[in-house]
Amino acid sequence: MRICSLYSGSSGNSIFIASDSAKVLIDAGLPGKNIEAALKEIKEDPHTIDGIFITHEHSDHIKGVGVMSRKYDIPIYANEATWKSMLPCIGKIKEHNIKIIERRSVTPIKDMEVICFNIPHDAIAPMGYTLQSKGKRISVATDLGTFTEEVKYNIKDSDVILLESNHDVQMLKFGPYPYPLKRRVLSEIGHLSNEACGAALVDIHDESKARRIILGHLSNTNNYPELAYQTVLNILNENKINVESDMVLHMADRRGPSSYIEL
């Protein structure tokens, strides 16, 4: 399996994941031309994308999904509540490309299985995803205010995990956001901080399993890539987790493709 974060952050998100036979995107939260350019950069043809799986209806996750579906005839997968919420925002979609999936369900795409699970976020029915093929597993869990037992159960056995490391708490508290937005981000249905991300990784650590971690969905206002990386690294080191063998850390870039990993 392969994963490449095309874009990740508060300005837009899209993740490419492939098995031997299947190719999908998790979200398409930038204009279609940006997603096309990112796929071209990693030498992938948009015509070969088998589906776009939507985590939730916020614009930084769906902005380009309608354009991509119409231009390349790509099916869009989302739960019913998310479909109802995002449909007015993405334009007309061909009937055969409207794929409604149940929450906590498994969707087969060629030789890949796409497992969805619930996440705590202030959207209508937000989900994370674990994709598996031939014994390999990749998980994506961003836009979650709390690292719940459901999230833990669904990502703990994955070989690669893209996990949110959204903000530094002190930067957020003393930064320019208005108070209601600060409360939202810090809430149990907001976003994971760098510290919470590190604690979650400690929680899923398994000495018998090496894995790769991609830190993603960083705030452009309340975080820096270097700060997120160092905060999580310090927490792992404090808990005697070897970041060269037990958990290899990568960063997802907000501006373009990064963290191309092949299993």
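The values are calculated or read from the model by the stated rules, or taken from the named source; none is laboratory data. Since the model is a prediction, treat every value here as computed from it, not as a measurement. Glycine also receives a Cβ, built like all others from the backbone with ideal geometry; neighbour counts cover every protein chain displayed. Calculation scope for accessible area: heavy atoms of the full protein, side chains included, ligands and nucleic acids excluded. Shrake-Rupley method; radii C 1.70, N 1.55, O 1.52, S 1.80 Å.
Checking the condition over 11 Å from the mean Cα position of the chain (by Cα) and of a type in the set (A, V, I, L, M), which residue from L6, L25, L39 passes?
Of L6, L25, L39, the one residue that is over 11 Å from the mean Cα position of the chain (by Cα) and of a type in the set (A, V, I, L, M) is L39.
On the given criteria, is T55 within 22 Å of V140 (Cα to Cα), assigned to a loop (DSSP other than H, G, I, E, B) and polar (S, T, N, Q)?
In short, yes.
What pairs come up if the first residue lies in segment 239-261 and is touching a residue at least 60 places away in the same chain (Cβ under 8 Å) and more than 26 Å from S208 (Cβ to Cβ), the second is among the acidic types (D, E) and open to solvent by 40 Å² or more (accessible area, probe 1.4 Å), and their beta carbons are under 6 Å apart, counting only those six or more places apart or on different chains?
As it stands, the answer is P257/E41, since those pairs meet every condition given.
Count, please, the residues in segment 73-86 that happen to be closer than 11 Å to A125 by Cα and open to solvent by 50 Å² or more (accessible area, probe 1.4 Å).
2
For segment 167-193, give me the residue count where each residue is over 17 Å from H121 (Cα atoms) and open to solvent by less than 10 Å² (accessible area, probe 1.4 Å).
1
Across segment 38-49, what is the number of residues that are surrounded by 17 or more Cβ atoms within 10 Å (Cβ to Cβ) and either in a loop (DSSP other than H, G, I, E, B) or at pLDDT below 95 (or both)?
2
Would you call I26 open to solvent by less than 10 Å² (accessible area, probe 1.4 Å) and at negative phi?
When the stated conditions are applied, I26 passes them.
Say we look at segment 126-166 and pick out the residues that are open to solvent by less than 10 Å² (accessible area, probe 1.4 Å) and among the acidic types (D, E); which of these is nearest to L218 (Cα to Cα)?
Looking at the filtered set, the residue picked out is E164.
Report yes if some residue within segment 242-251 is part of a loop (DSSP other than H, G, I, E, B) and among the charged types (D, E, K, R); otherwise report no.
Yes - at least one qualifying residue is present in segment 242-251.
Tell me, please, whether a residue that is of a type in the set (A, V, I, L, M, F, W, C), open to solvent by 10 Å² or more (accessible area, probe 1.4 Å) and part of a loop (DSSP other than H, G, I, E, B) can be found in segment 59-72.
no
Taking the condition of being open to solvent by less than 20 Å² (accessible area, probe 1.4 Å) and touching a Ser or Thr at 6+ places or on another chain (Cβ under 6 Å), how many residues in segment 13-23 meet it?
Going through segment 13-23 one residue at a time, the tally reaches 2.
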